[in-house]
Structure formats: C-alpha cells, structure tokens
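Reviewing the structure listed below.
The values are calculated or read from the model by the stated rules, or taken from the named source; none is laboratory data. If you're wondering where the values come from, they're calculated on a predicted model, not measured in any experiment. FYI the Cβ positions are ideal-geometry reconstructions off the backbone, even for glycines, and counts take in every protein chain you see. Heavy atoms of the whole protein, side chains included, go into the accessibility calculation; ligands, DNA and RNA do not. Shrake-Rupley method; radii C 1.70, N 1.55, O 1.52, S 1.80 Å.
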Amino acid sequence: TPRNGREGRCSSVAIEPVAQETLAAAVALALAEDRAAEDATSLATVDPSLQGRALFVAREAGVAAGFNIVAEGFRHVDPAVTLDVRVPDGTAFAAGAELAAATGPVRALLQGERTALNFLQRLSATATAARRFIDA
C-alpha cells in the first residue's frame, strides 16, 4: 500500500530547477578536485591559440541529462567555449549518437573534459535508470 494511503494512485510533485549558484559551486568543487587548471600536459604542449571541437558521443543507449552543468563547467574553465547540445536533457538516445559538441580553445576543452564527462555520465545514468522505472 502506498504511504500516502491512496492505493494504486501516485501524486506528482513539482521539482524546482537547481539554482545557478548551486550549479556553479558544484562545478567549482569538481574542477578543483580534478585539478583541471593544473593539466600539465595541456599547458606544456598545446598552443593557447589553438581552437578545436570535442564531440560527446554515446557508447550505449540512454537518456540525456546534465548538459546545463556541462556548459557551466566549460564556462568556468574558459567562457570562450560554446556547447551545442544535440540531444536535450530527458531525451532518449541510441549508442553512437552525437549528444553535444563543445567548441573553443583546445586547452580549455582538454581541461574541462574529465569533469564534463563525469557529470554527464552520472546524470545520464540516473536519468536512464529513472526512465526504466517509469516505463516498468
């Protein structure tokens, strides 16, 4: 029997979006933990003027989530990085799908990629699991 006492009925609750300050704080902590600003290889070998593009490609099918925090992460590393989201949050995708592309200074792309992938993988995995429960 559901805890709300209404057998077979579920109630919905509106979920408030995460405040920008909270996202910024989480990103700052993650970038510090990953020591993104100290990426010795990128700093020593990549010309600071070099521009490039990084693709986020799915290894397996799932549900997208977390692009707002990925964009915030790249903004922290270098505001010149732009993120083109191709599969919006909450959307199912197939293995091999191009989820997003980040464009900007290669150093910034390399410095922010680990943190971006960590957030994107964890949040998309959570969204994928939630979708499976909903579908069941």
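What the table shows:
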{"read-out": "Potential lengthening between T22 and Q121 on full extension [0.36 nm per residue; Cα-Cα distance subtracted]", "value": "33.7 nm"}
{"read-out": "Mean projected area in nm² (Cα convex hull; one quarter of hull surface) for the chain", "value": "10.0 nm²"}
{"read-out": "Per residue accessible area in Å² of the chain, where ligands, DNA and RNA are left out and the probe is 1.4 Å", "value": "65 Å²"}
{"read-out": "Calculated [θ] (222 nm, deg cm²/dmol) that DSSP helices of n ≥ 4 give over the chain, each run adding -39,500 (n - 2.57)", "value": "-15000 deg cm²/dmol"}
{"read-out": "The range 32-69 and the range 99-129: distance between their alpha carbon centers, rounded to Å", "value": "6 Å"}
{"read-out": "Long-range tail of P(r) for the range 34-112 (Cα pairs > 15 Å, %)", "value": "57 percent"}
{"read-out": "Loop-located GluC sites (Glu not before Pro) in the range 38-136 whose Cβ has at most 15 other Cβ within 10 Å (DSSP)", "value": "E60"}
{"read-out": "Of all accessible heavy-atom area on the chain, the percent that carbon and sulfur account for (1.4 Å)", "value": "56 percent"}
